[in-house]
1. Where the second residue is exposed (fewer than 10 other Cβ atoms within 10 Å of the Cβ) and modelled with pLDDT under 85 and the first is more than 22 Å from L189 (Cβ to Cβ) and lies in segment 156-171, which pairs have Cβ atoms under 8 Å and are six or more apart or on separate chains?
2. Being of a type in the set (S, T, Y), out of contact with any helix residue (DSSP H, G or I) (no Cβ under 9 Å at 6 or more places or on another chain) and more than 16 Å from A93 (Cα to Cα): is that true of Y46 here?
3. From the residues in segment 43-56 that are touching a residue at least 60 places away in the same chain (Cβ under 8 Å) and surrounded by fewer than 20 Cβ atoms within 10 Å (Cβ to Cβ), which one is nearest to R84 (Cα to Cα)?
4. Condition test on G80, is it assigned to a loop (DSSP other than H, G, I, E, B) and exposed (fewer than 14 other Cβ atoms within 10 Å of the Cβ)?
5. Pick from segment 56-111 the residues that are farther than 18 Å from H9 by Cβ and acidic (D, E): which of them is farthest from the chain's Cα centre (by Cα)?
6. Identify, by number, the condition in (1) at pLDDT 65 or above; (2) of a type in the set (D, E); (3) out of contact with any Leu (no Cβ under 9 Å at 6 or more places or on another chain) that E142 doesn't meet.
7. Do we have I22 as surrounded by 14 or more Cβ atoms within 10 Å (Cβ to Cβ) and assigned to a helix (DSSP H, G or I) here?
8. Is it the case that V155 is surrounded by 13 or more Cβ atoms within 10 Å (Cβ to Cβ), at pLDDT 90 or above and at negative phi?
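The values are calculated or read from the model by the stated rules, or taken from the named source; none is laboratory data. It should be emphasised that the depicted structure is a prediction, and the values quoted were computed from it without experimental measurement. Heads up, the Cβs are rebuilt from the backbone with ideal geometry, glycines too, and the neighbour counts pull from every protein chain shown.
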Amino acid sequence: MNSVEQEIHPILKRYLPVADMILATFGRNCEVTIHDLRNFQSSLIYLKGNVTGRNTGAPVTDVILKELHKYGNDIEDILGFMTRSMDGKILKASITFIRDNEEKVLGCIGVNFDITGILAATRVLNDLAITNNMAGFDPMPEMYEKDIGEVFQYVIESTLEDIGVPIEEMSRRDKKFFVKQVDDKGVFLINGSIEIESVKY
């Protein structure tokens, strides 16, 4: 056992064989992650497979942050949802939250399965079988970044884009709404988020 695995919390360590089993079953289009949610900045402590291009030490994703902010320790597993990586892969994903002996959220195990090729093949088969095109879809992206600052900046920029008003042109009411929106997405769960200098106002 390497030194990294030795540092993993004993409860989370129990899930390492599960991660290995899932990857062995589903192959190279699959990625299995284990996050220690006591440290958002580098929560990814175990990674099997390579679908999103991350390495261990990567930060928590924006989707997990948002759900934790909304539900805290009452958060429920997020199973079988569709998302999109920043390089355009369509993923079928599931997240199961791991709790300590006091039922507090300690971490999570996630599965990302690249279904881009499957969907492309499905469209071809559908076109051969019926005359109507498949209904289109455009899943929202989830940030799979290597630095917590990039996750923070993405949430800020995407919220500004949704609001449609630059910071310098916002009224007091607009700014209150903006802060409420980024808070609802869990940004202020990130330690030191106010001090990140890469976000220019």
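1. Every condition considered, the pairs that remain are E168/Y201.
2. Numbers: of a type in the set (S, T, Y): yes; out of contact with any helix residue (DSSP H, G or I) (no Cβ under 9 Å at 6 or more places or on another chain): no; more than 16 Å from A93 (Cα to Cα): yes.
Against the criterion (of a type in the set (S, T, Y), out of contact with any helix residue (DSSP H, G or I) (no Cβ under 9 Å at 6 or more places or on another chain) and more than 16 Å from A93 (Cα to Cα)), Y46 does not qualify.
3. Looking at the filtered set, the residue picked out is G53.
4. Working: assigned to a loop (DSSP other than H, G, I, E, B): no; exposed (fewer than 14 other Cβ atoms within 10 Å of the Cβ): yes.
Criteria not met by G80.
5. Here the residue is D74.
6. (3)
7. Numbers: surrounded by 14 or more Cβ atoms within 10 Å (Cβ to Cβ): yes; assigned to a helix (DSSP H, G or I): yes.
Yes, satisfied.
8. Working: surrounded by 13 or more Cβ atoms within 10 Å (Cβ to Cβ): yes; at pLDDT 90 or above: no; at negative phi: yes.
Here the answer is no, as V155 does not meet what is asked.
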